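The values are calculated or read from the model by the stated rules, or taken from the named source; none is laboratory data. Keep in mind it's a predicted model, so treat the numbers as computed, not measured. In this analysis, Cβ positions are derived from the backbone assuming ideal geometry, glycine residues included, and neighbour counts consider all displayed protein chains. In case anyone asks, the SASA skips ligands and DNA or RNA and just uses the protein heavy atoms, side chains included. Shrake-Rupley method; radii C 1.70, N 1.55, O 1.52, S 1.80 Å.
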Amino acid sequence: MTNIVNHWIGGKTAEGASGTYGPVTNPATGAVTTKVAFASVDEVDAAVAAAKEAYLTWGRSSLAQRTSVLFRFRALLDAHRDEVAGLITAEHGKVHSDALGEVARGLEIVDLACGINVQLKGELSTEVATRVDVASIRQPLGVVAGITPFNFPAMVPLWMFPIAIACGNTFVLKPSEKDPSAAVRIAELLSEAGLPDGVFNVVHGDKVAVDRLLEHPDVKAVSFVGSTPIARYIHTTASANGKRVQALGGAKNHMLVLPDADLDAAADAAVSAAYGSAGERCMAISAVVAVGAIGDELVERIRERAEKIKIGPGDDPTSEMGPLITKAHRDKVASYVEGAAAEGCEVVLDGTGHTVDGHEDGHWIGISLLDRVPATAKAYQDEIFGPVLCVLRAETYEEGVALINASPFGNGTAIFTRDGGAARRFQLEVEAGMVGVNVPIPVPVGYHSFGGWKDSLFGDHHVYGNDGTHFYTRGKVVTTRWPDPADAPAGVDLGFPRNH
């Protein structure tokens, strides 16, 4: 019998009532293992109502109460990290070590939320005028929502809700319908940690659920991570409904390799950043820009390493790369490689025919490496979200930076060089929100914020770090004047000498 993943509303499982379900497959086998309930408008409304009711007390709770729950949740998530990683592997397909890494990065944000009292400190100015003080404080918004993608079913929600609830908000999560189980398990762990009912809710579904969250009058803010077209839609729609929005979109992350770079280190970095998690991550390096005469040698070193990657089921400890999330996505990724030669690319490695013995129905694709890719090729212009690496050639540093800055995306980028002056110029001149210097995937640690530029971010706030705290709170300034106690009315004795 097929398992059913239901909603989590008001601190307990809520069976789907809409009658609509979506399939959840094991990408390594192609078999449908689970079905997930899709929420109706009424079910989304029930989750928001539960969150609104919980906010009446949670929004006024002490920082000590909130952080004590988060400390207990952190311990539980750490203790169950292998279990959560197993759910991710079963539904997403990534290898178990990648899934464990995802949980570990999410724990970083829980750590940040446990210490939220430092970030929520206000400011005070005394005696701005005679007996007048001014204080700035930050208060929660109310009910907030997160809409998260399939590629990091635990980490991306963990980027959002720990900070949101630490700040005093209540949360409604709409995870990807492709791999929903990790979100529900996290909800159970939060409940076990003592989080009051209704503070964290999970509703599954499709556009019906998303649109209702975007228009619901009681949802005050929406966080989103996904593709650029959907990020733009989320931002436009939620903003039109008066909500605060942070919507992170797609990427085409470049790695600029200068002639003085350590080519072995650059090749290692390119392979891990392009093919790790099967390329299904918004911070993957999908374009290497080789400057000067090093291109041929760099491509050869990348090819040598890429050919050794072992592709197999994510639950096989020897696997280094798993399948793609769905067959449709696998076929779309393959189409970029199949059409590359006709667009002027040199196909060094073609992984489109790859299969895995005993798992022939899985969503498999091998490693693909394209060299001398023209900037007009679709494989370069589009975010492929798969294990396809494009190598472009540039004669100079300036030409390479101009190529990167011409991209409509500006999520992350990296430079590989031994020259500190070149690295310094690059970090100032490149138009991207996150920059790595001899670091291929410059994802910030939890206390620095994550976010891109241009078509990679819609809204004014990045996620987590200081931006996360500001996004989930709003400022209030209080100006206070108190009379001097010596000026108390006649007949009221406060024990102060009357000396005026």
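For residue 343, what charge total do you get from the other residues with a beta carbon under 12 Å from its beta carbon, if Lys and Arg give +1 and Asp and Glu give -1?
Numbers: positive: 372, 378; negative: 338, 346, 382.
So the environment of residue 343 carries a net charge of -1.
Identify the trypsin sites (Lys or Arg not before Pro) of the range 240-301 meeting these criteria: DSSP loop state and at most 10 other C-beta atoms within 10 Å of the C-beta.
On the way: sites: 243, 244, 252, 281, 301; in loops: 243, 252, 281.
Counting only loop positions with at most 10 other Cβ atoms within 10 Å, none of the trypsin sites (Lys or Arg not before Pro) in the range 240-301 qualifies.
Can you pull the semi-axes for the range 147-203, root of five times each eigenvalue of the Cα gyration tensor, sorted largest first, whole Å?
18, 12, 9
With the other protein chains left in place, how much accessible area per residue, in square angstrom, belongs to the range 9-133 at a 1.4 angstrom probe? Walk me through the intermediate numbers first.
Working: 5810 Å² over 125 residues.
Value returned for the range 9-133: 46 Å² of accessible area per residue.
For residue 12 and residue 484 in one chain, what is 0.36 nm times their gap in residues minus the Cα-Cα distance, to one decimal in nm? Intermediate results must be reported in sequence, preceding the final value.
On the way: separation 472, 0.36 × 472 = 169.92 nm, distance 5.40 nm.
Computed gain between residue 12 and residue 484 is 164.5 nm.
Using r as the Cβ-Cβ distance of residue 97 and residue 438, and R0 as 30 Å, what FRET efficiency do you calculate, to the nearest 0.05?
Numbers: r = 23 Å, r/R0 = 0.77.
So, using R0 = 30 Å, E works out to roughly 0.85.
Shape call for the range 134-234 from the C-alpha gyration tensor, a ≥ b ≥ c root eigenvalues: rounded (a/c under 1.5), prolate (a/b greater than b/c) or oblate? Present the calculation step by step, with values, prior to reporting the outcome.
Details: a/c = 1.76, a/b = 1.19, b/c = 1.48.
Note, shape of the range 134-234 comes out oblate.
How many angstrom lie between the Cα centre of the range 387-408 and the Cα centre of the range 228-267?
16
Which lysines does residue 332 reach when only Cα atoms under 16 Å apart count, and residues fewer than 8 places away in its own chain are ignored?
Result set, ordered by chain and number: 378.
Obtain the nm distance between the two label points defined at residue 137 and residue 398 by a simple spin-label model: each point lies 7 Å from its Cα along the Cα-to-C-beta direction.
Taking the simple label geometry, residue 137 and residue 398 are separated by 5.6 nm.
Against the longest principal axis of the chain, how steep is helix 181-192, in degrees 0 to 90 to the nearest 10, with axes from Cα atoms?
30
Compute for the range 16-162: radius of gyration divided by Kirkwood radius, i.e. Rg/Rh, restricted to C-alpha atoms, rounded to two decimals. Kindly include the intermediate steps, with their values, before the conclusion.
Working: Rg = 20.4 Å, Rh = 18.5 Å.
Checking Rg against Rh, the ratio lands at 1.10.
Where does helix 263-275 land angle-wise versus the long Cα axis of the chain, in degrees 0 to 90, nearest 10?
Helix 263-275 sits at roughly 70 degrees to that axis.
Can you pull out the GluC sites (Glu not before Pro) in the range 346-446 that DSSP calls coil and that have at most 14 other Cβ atoms within 10 Å? Write down the numbers at each step before the final one.
Numbers: sites: 346, 360, 383, 395, 398, 399, 429, 431; in loops: 360, 383, 395, 431.
Passing both the DSSP loop test and the Cβ count: 360, 395.
Over what distance in Å are the Cα centres of the range 332-363 and the range 79-139 separated?
Centre-to-centre (Cα) distance: 39 Å.
What distance in nm lies between label points placed 7 Å from Cα along the C-beta direction at residue 343 and residue 206?
Going from the residue 343 label point to the residue 206 one covers 2.9 nm.
Residue 23: net charge of surrounding residues, Cβ under 15 Å, Lys/Arg +1, Asp/Glu -1, itself excluded? Display every interim value, and only then the final one.
Values: positive: 35, 178, 327; negative: 91, 177, 179, 206, 361.
With Lys, Arg at +1 and Asp, Glu at -1, the neighbours total -2.
Given a cut-off of 22 Å, name the pairs among 35/94; 121/476; 243/476; 12/327 whose C-alpha atoms lie farther apart than that in the structure shown.
Details: 35/94 20 Å; 121/476 12 Å; 243/476 18 Å; 12/327 33 Å.
Result: 12/327 exceed 22 Å.
Restrict the search to the range 9-92; then list the GluC sites (Glu not before Pro) that DSSP places in a loop and that have at most 16 other Cβ atoms within 10 Å of their Cβ. Show your work: numbers first, answer last.
Numbers: sites: 15, 43, 53, 83, 91; in loops: 15.
Those satisfying the criteria are 15.
Quick check: residue separation of residue 104 and residue 67 times 0.36 nm, minus the Cα distance between them. What number comes out in nm?
Numbers: separation 37, 0.36 × 37 = 13.32 nm, distance 1.91 nm.
Result for the pair: 11.4 nm of gain on full extension.
Compute the distribution of all C-alpha to C-alpha distances in the chain, in bins of 10 Å from 0, and list the percent of pairs in each, rounded to whole numbers.
Taking all Cα pairs of the chain, the binned fractions are 4, 19, 27, 24, 15, 7, 3, 2, 1, 0 percent.
What's the center-to-center distance, using Cα atoms, between the range 464-483 and the range 186-227 in Å?
24
Can you bin the range 403-462 into rounded, prolate or oblate? Criterion: square roots of the alpha carbon gyration tensor eigenvalues sorted a ≥ b ≥ c, rounded for a/c under 1.5, prolate for a/b above b/c, oblate for the rest. Write out the running numbers ahead of the final one.
Values: a/c = 2.33, a/b = 1.36, b/c = 1.71.
Judged from the Cα gyration tensor, the range 403-462 comes out oblate (a/c at least 1.5, b/c at or above a/b).
For the range 383-500, place one equal point scatterer on every Cα, skip the solvent, and apply the Debye formula. What is log10 of I(q)/I(0) at q = 0.09, 0.18, 0.19 Å⁻¹?
Evaluating at q = 0.09, 0.18, 0.19 Å⁻¹ gives log10 I(q)/I(0) of -0.45, -1.04, -1.11.
Where the accessible area of the range 410-500 is counted over protein heavy atoms with a 1.4 Å probe, how much of it, in %, is carbon and sulfur?
Numbers: 2710 of 5090 Å².
On the range 410-500, the fraction of accessible area on carbon and sulfur atoms equals 53 percent.
Report the Rg/Rh value for the range 1-76, based on alpha-carbon coordinates and the Kirkwood definition of Rh. Please report the intermediate quantities before stating the final value.
Details: Rg = 16.9 Å, Rh = 15.0 Å.
Here Rg/Rh amounts to 1.12.
For the range 240-316, what is one quarter of the convex hull surface built on the Cα atoms, given in nm²?
Values: hull surface 32.9 nm².
That works out to 8.2 nm², a quarter of the Cα hull's surface.
Would you calculate the separation in nanometres between label points at residue 315 and residue 445, each defined as 7 Å from the Cα along the Cα-to-beta-carbon direction?
Each label point lies 7 Å from its Cα, and together they span 3.6 nm.
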